[in-house]
1. What number of residues within segment 335-362 satisfy the criterion of being assigned to a strand (DSSP E or B), surrounded by fewer than 19 Cβ atoms within 10 Å (Cβ to Cβ) and in contact with a Lys or Arg (Cβ under 8 Å, 6 or more places away or on another chain)?
2. If I ask for residues that are open to solvent by 40 Å² or more (accessible area, probe 1.4 Å) and either among the basic types (Lys, Arg) or in a loop (DSSP other than H, G, I, E, B) (or both), which ones from segment 120-142 would you list?
3. Looking only at segment 77-98, filter to residues that are closer than 22 Å to residue 59 by Cα and open to solvent by less than 20 Å² (accessible area, probe 1.4 Å); which one of those is modelled with the highest pLDDT?
4. Give the residue, chosen from 110, 23, that is buried (at least 20 other Cβ atoms within 10 Å of the Cβ) and touching a residue at least 60 places away in the same chain (Cβ under 8 Å).
5. Only one of 156, 145, 172 is assigned to a helix (DSSP H, G or I) and hydroxyl-bearing (Ser, Thr, Tyr); which?
6. Pairs, please: C-beta under 6 Å, at least 6 apart or cross-chain, first residue over 18 Å from residue 162 (Cα atoms) and in contact (Cβ under 8 Å) with a residue 40 or more places away in the chain and in segment 334-351, second buried (at least 19 other Cβ atoms within 10 Å of the Cβ) and among the acidic types (Asp, Glu)?
7. Conditions: (1) surrounded by 22 or more Cβ atoms within 10 Å (Cβ to Cβ); (2) outside the structural domain of residue 275 (by the TED database); (3) charged (D, E, K, R). Residue 167 meets all but one. Number of the miss?
8. Which of the residues belonging to segment 11-20 are closer than 13 Å to residue 55 by Cβ and either among the β-branched types (Val, Ile, Thr) or open to solvent by less than 20 Å² (accessible area, probe 1.4 Å) (or both)?
Amino acid sequence: MSSAITIRDYKLYKATATLKKPIADATHTLHEISFLVLRLRLDNGVVGESYLLSFQYSPEAIRGAFRDLLPHVKGFAVNEMGQVFNKLNNLSEYFGNQGINRWAQAAINIAMWDAWGKYLNQPVGKLLGTYRDKCSIYGSGGWISYSIDELIEEVSGYKSRGFSAVKIKVGSADWRTDAERLKLVREAVGNGINIMMDANQGMTLPAAIQLANAVNDLDIFWFEEPLNHQDFDGYQSLKQHTGISLAMGEREYDTLPLLQLLQRKAIDIWQPDLLRIGSVEAWRESAALANSYHVPVLPHYYKDYDVSLVCSIPNGLGVESFDWIDPLIDEPMLVKDGFAFPRQGAGWGFNFIDDCLTEIKL
């Protein structure tokens with residue numbers, strides 16, 4: 001039965017951020033910073049919006065996932081997030097729920113939450129409940145492809161903007177190169193700023209142990225994804241040999257890897273990716289599991305959603321900052337003195353600017 005909050009139709013768009021030259025981590029070179037933007041329209045005209053980070057990867061595959069799933073959300077009430085999630089899970093099960101369909105499924109869920117908040121004229125964060133009114137934010141980047149001058153310019157820029165933590169990419173062919181770059185970053189930002197390192201699964205266990213021990217005197221806050229994300233025993237061994245704090249989670253589509261790491265005492269910070277894990281509800285479920293082991297949550301990438309989510313849970317530690325979408329949206333997030341503040345507008349509190357969008361025909 002149709003009502004004011006029934007999902008009536010949808011449109012998909014692409015937006016692209018400016019990238020002056022390719023950037024690289026230990027495992028990927030990025031030639032494009034792009035986003036897919038979904039808009040769901042309700043019978044009453046309210047539009048819910050979401051986006052996902054796509055880079056240059058599998059453009060036809062992710063569009064195909066949207067083409068497959070979106071027709072099945074028509075006719076649902078926008079607050080039936082759980083029913084839609086289960087419906088799309090069932091449709092995706094044959095080819096697997098861990099993969100590209102999950103991204104489209106998550107984008108639909110996020111847009112539903114946006115539309116529901118707009119219909120109620122409330123921020124999503126207030127609908128979820130709040131534990132705090134702001135959260136810590138760290139400056140991310142430090143790409144392996146950067147020259148030393150570019151690296152120091154970036155981290156110094158974060159410091160001048162009031163950030164209290166920065167994250168640097170590691171996983172060079174020789175771990176000694178990473179150690180030297182981290183030393184120079186520490187010299188540039190001083191001792192009052194936390195430094196994290198992220199290998200994007202690009203290291204072997206021996207090299208990760210060598211690097212972690214070599215930078216022990218630099219007071220590294222955490223070591224992110226040094227090994228393949230399914231090498232649970234490797235993470236346990238790394239922890240035992242170095243004692244360094246380990247951060248994981250951005251590659252996971254459910255909570256089973258988290259449980260494996262928790263049971264091995266091989267994770268110190270849980271980093272769920274909202275688009276991979278599939279929904280606001282699944283994200284919060286994973287945060288609750290982490291909390292049961294007294295592990296804090298600091299999610300991957302999507303600060304424009306994650307600030308509200310982190311502020312809604314007891315074990316929220318902070319969020320990651322990239323500025324890539326800021327020129328493309330109407331309400332960039334308030335970041336001040338090392339903290340990010342949830343937007344107070346209805347829904348997620350921001351929308352992409354129409355002139356920045358190119359429609360994708362479905």
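1. 4
2. 121, 122, 126, 130, 131, 132, 133, 134
3. 88
4. Only one candidate qualifies: 110.
5. None of the other options fit; the residue is 156.
6. Once the first residue is over 18 Å from residue 162 (Cα atoms) and in contact (Cβ under 8 Å) with a residue 40 or more places away in the chain and sits in segment 334-351, its partners that are buried (at least 19 other Cβ atoms within 10 Å of the Cβ) and among the acidic types (Asp, Glu) give 347/114; 348/114; 351/49.
7. Of everything listed in (1) surrounded by 22 or more Cβ atoms within 10 Å (Cβ to Cβ); (2) outside the structural domain of residue 275 (by the TED database); (3) charged (D, E, K, R), residue 167 misses just condition (2).
8. Residues satisfying the conditions are 15, 16, 17.
The values are calculated or read from the model by the stated rules, or taken from the named source; none is laboratory data. Everything numeric here is computed off the predicted structure, so don't read it as measured data. Glycine gets a Cβ as well: all are built from the backbone with ideal geometry, and neighbour counts include every protein chain shown. Accessible surface is based on the protein model in full, side chains and every heavy atom, while ligands, DNA and RNA are left aside. Shrake-Rupley method; radii C 1.70, N 1.55, O 1.52, S 1.80 Å.
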